[in-house]
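Accompanying notes for the structure given below.
The values are calculated or read from the model by the stated rules, or taken from the named source; none is laboratory data. Not measured: the values here are computed from a predicted model. Every residue, glycine as well, gets a Cβ built from its backbone with ideal geometry; the counts of neighbours run over all protein chains shown.
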Amino acid sequence: MKFEKPILVTKPIAPDREEFLRRVEEVIDSGWFTNMGGQHNALEAELARYLAVENLSLFNSGATALISALKALDLPVGSEVITTPFTFAATPHAIAWNALNVVFADIEADRMTLSADAIERAITPNTSAILPVHVYGFPCDVEAIEGIAKKHNLKVVYDAAHAFTTELDGVPISNWGDITMFSFHSTKLFNTIEGGALVYSDRNLGKKIYELRNFGIKVFDPDEDASEGIKNKDFVSNIGINGKLNELQAAWGRVLLKEVGTEQKRRGLVADAYKELLADIDGIAVPELPSGASNSFQYFPVLFRSEAVRDRVYDRLLAGNVFSRKYFYPLCSDFSVYENLPSSRSSNLPVATDIAGRVLCLPFYGDLQADDIRSIVEIIKSGID
Ligand SMILES: *Cc1c(COP(=O)(O)O)cnc(C)c1O
C-alpha cells in the first residue's frame with residue numbers, strides 16, 4: 001500500500017479566502033500595518049473572549065512569548081528553572097535565552113507531563129521557577145504543581161502550545177500558573193501563520209509584558225507618570241524584544257478563529273475512527289486524557305511496545321508515503337547544547353527516555369478521509385507484526 005500523494009502529519013487550516021482578502025484591503029487602506037493596530041487589538045479581545053480569560057497579550061511567535069514570559073517575572077540571573085525534556089526545543093531555549101539554568105526533571109508515564117515528585121526532587125535553594133508543558137494537550141498535574149510552587153515560593157509558567165481551548169472540569173487551563181503561553185504557529189490548531197500569546201491573571205504583569213513585547217519602551221501611565229512626565233532616560237525601561245504581531249497576520253487569525261470549532265469537531269471524528277481501528281491491535285496504545293480534561297485535538301500520539309517496533313512502523317509508513325512524526329524524539333536533554341547538564345543523564349529521566357523511544361504522532365487533521373485512516377492503520381499493523 002502506497003499513497004499516491006503524501007499524507008503529512010498535519011494540514012493547517014486557512015481562513016475563508018474572501019473574508020480574509022477583504023480584511024487585507026482594510027489593512028492596506030488603514031495605512032497601519034503593525035504596532036498594536038486595529039486588527040491586532042480586535043484579535044486580542046476576540047481571543048480573550050474565546051478562551052474565557054481576562055488578560056491576553058499577542059506575540060509574533062510562541063517562542064518570543066515564552067522568552068518574554070520568563071523575562072517578565074524578573075527571575076534572578078543564574079537561578080534554576082525546572083522543565084520537561086519531553087517537549088519542543090523552544091521550551092528549554094526560553095530558559096537559556098534568559099540566562100537562567102535549565103534543569104530537566106522526569107515526566108509521568110500516563111500524562112507524559114512533568115512529574116510532581118520529580119519536580120520536588122529537583123528543587124534546590126537556587127530554583128526560581130517551574131516551566132511545565134501541557135504536552136499534546138494533556139493537562140499537567142496542575143494542582144500538585146501549584147502546591148509545590150506555593151510551598152517553595154516558585155513562579156510557574158505553562159507552555160500550552162498544544163492546549164488551545166483545553167479545560168479542566170470546565171475551567172480554562174490558563175487558570176493555573178503565573179503565565180500561560182499559547183502558540184499560533186501554522187502547525188498548531190489555531191494559527192496566525194506565526195504567532196503566540198501570553199495569558200496571565202495578575203493585571204500588573206500586563207503593562208510589563210506590553211513593554212517587553214515592544215523593545216521595553218515605556219507605556220505612559222497617567223497616574224504614575226503625570227507629575228514628572230517621562231524622563232528621557234526612562235523612555236526605555238527594560239530589555240525588551242520585538243514580539244509584535246502584524247496586522248495581516250492578526251486579520252488572518254480573526255477570520256480563522258471562526259473555523260476552529262468546526263476543525264476540532266472534524267478532528268474529533270478522525271480521532272474516534274483511529275481509536276476504533278486501533279483498539280484490537282496488540283502492541284499499540286492510545287494514551288487517555290486525564291478525567292475532566294477536554295481534548296484540544298492538537299495531535300494524535302500513540303505508544304508502541306518497543307522502540308524497534310515504533311521505528312519499523314515509522315519506516316513502513318514512510319515507504320507508504322505517510323509522514324508520521326517521532327515527536328518528541330530525541331528528548332531536549334539529548335540536544336548537544338543540553339546533553340552535558342547534570343540533569344540530562346538518562347538515569348535522571350527514565351520515563352521520558354522510555355516514552356520518547358516508543359511514541360509516534362500519526363497524521364491528524366480534519367480533512368483526513370476515513371479510507372485513508374483505514375489504509376494508515378493497515379500499514380501500522382504490518383509494521384507491528
Ligand atoms: C510550537 C511550540 C512552541 C513554539 O511556538 P512557536 O510559535 O513555533 O514559536 C513552544 N513549545 C511547544 C511545546 C511547541 O510545540
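Name the pairs: first residue in segment 210-233 and at pLDDT 75 or above, second residue of a type in the set (Asp, Glu), Cβ to Cβ under 7 Å, at least 6 apart or on different chains?
Final answer for the pair search is Ile217/Glu211; Lys218/Glu211; Lys218/Asp234; Val219/Glu211.
Please indicate, with yes or no, whether at least one residue in segment 161-177 is of a type in the set (Ser, Thr, Tyr), under 25 Å from Glu339 (Cβ atoms) and touching a strand residue (DSSP E or B) at 6+ places or on another chain (Cβ under 7 Å). Let's see the steps before the verdict.
Step one: filter segment 161-177 for residues of a type in the set (Ser, Thr, Tyr), giving 165-166, 174.
Subsequent filtering for residues that are under 25 Å from Glu339 (Cβ atoms) retains none.
Within segment 161-177, not a single residue is of a type in the set (Ser, Thr, Tyr), under 25 Å from Glu339 (Cβ atoms) and touching a strand residue (DSSP E or B) at 6+ places or on another chain (Cβ under 7 Å).
Please go through segment 111-123 and give me each residue that is within 15 Å of the chain's Cα centre (by Cα) and outside any loop (DSSP other than H, G, I, E, B), ordered by number. Even if it seems obvious, please write down each step before you answer.
Of the residues in segment 111-123, the ones within 15 Å of the chain's Cα centre (by Cα) are 112-114.
Within segment 111-123, Leu114 is the sole residue that qualifies.
Only one of Glu288, Glu307, Glu339 is surrounded by fewer than 18 Cβ atoms within 10 Å (Cβ to Cβ) and in contact with a Ser or Thr (Cβ under 7 Å, 6 or more places away or on another chain). Can you tell me which?
Numbers: Glu288 fails: in contact with a Ser or Thr (Cβ under 7 Å, 6 or more places away or on another chain); Glu307 fails: in contact with a Ser or Thr (Cβ under 7 Å, 6 or more places away or on another chain).
On inspection, the qualifying residue turns out to be Glu339.
Go through the residues of segment 63-79 one by one and say whether even a single one is within 16 Å of the ligand (Cβ to nearest atom) and under 23 Å from Ser347 (Cα atoms). First the steps, then the outcome.
Just the residues of segment 63-79 that are within 16 Å of the ligand (Cβ to nearest atom), to begin with: 63-71.
So of that shortlist, the ones also under 23 Å from Ser347 (Cα atoms) come out as none.
Looking for residues that are within 16 Å of the ligand (Cβ to nearest atom) and under 23 Å from Ser347 (Cα atoms), one finds none in segment 63-79, hence no.
Starting from segment 151-164, take each residue that is touching a residue at least 24 places away in the same chain (Cβ under 8 Å) and list its partners that are within 11 Å of the ligand (Cβ to nearest atom) and among the hydroxyl-bearing types (Ser, Thr, Tyr), counting only C-beta distances under 7 angstrom and pairs at least six apart or across chains.
Every condition considered, the pairs that remain are Asp159/Thr87; Asp159/Thr91; Ala161/Ser183; His162/Tyr136; His162/Tyr299.
Sort through Asn214, Asn175, Asn204, Asn191 and tell me the only one that's of a type outside the set (Val, Ile, Thr), more than 16 Å from the ligand (Cβ to nearest atom) and within 17 Å of Glu247 (Cα to Cα). First the steps, then the outcome.
On the way: Asn175 fails: within 17 Å of Glu247 (Cα to Cα); Asn204 fails: within 17 Å of Glu247 (Cα to Cα); Asn191 fails: more than 16 Å from the ligand (Cβ to nearest atom).
Going through Asn214, Asn175, Asn204, Asn191 in turn, just one is of a type outside the set (Val, Ile, Thr), more than 16 Å from the ligand (Cβ to nearest atom) and within 17 Å of Glu247 (Cα to Cα): Asn214.
Residue by residue, here is whether (1) of a type in the set (S, T, N, Q); (2) loosely packed, with under 13 Cβ neighbours inside 10 Å holds:
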{"site": "Asp29", "(1), (2)": "no, yes"}
{"site": "Trp32", "(1), (2)": "no, no"}
{"site": "Gly38", "(1), (2)": "no, no"}
{"site": "Glu44", "(1), (2)": "no, no"}
{"site": "Arg49", "(1), (2)": "no, yes"}
{"site": "Ala52", "(1), (2)": "no, no"}
{"site": "Leu58", "(1), (2)": "no, no"}
{"site": "Ser61", "(1), (2)": "yes, no"}
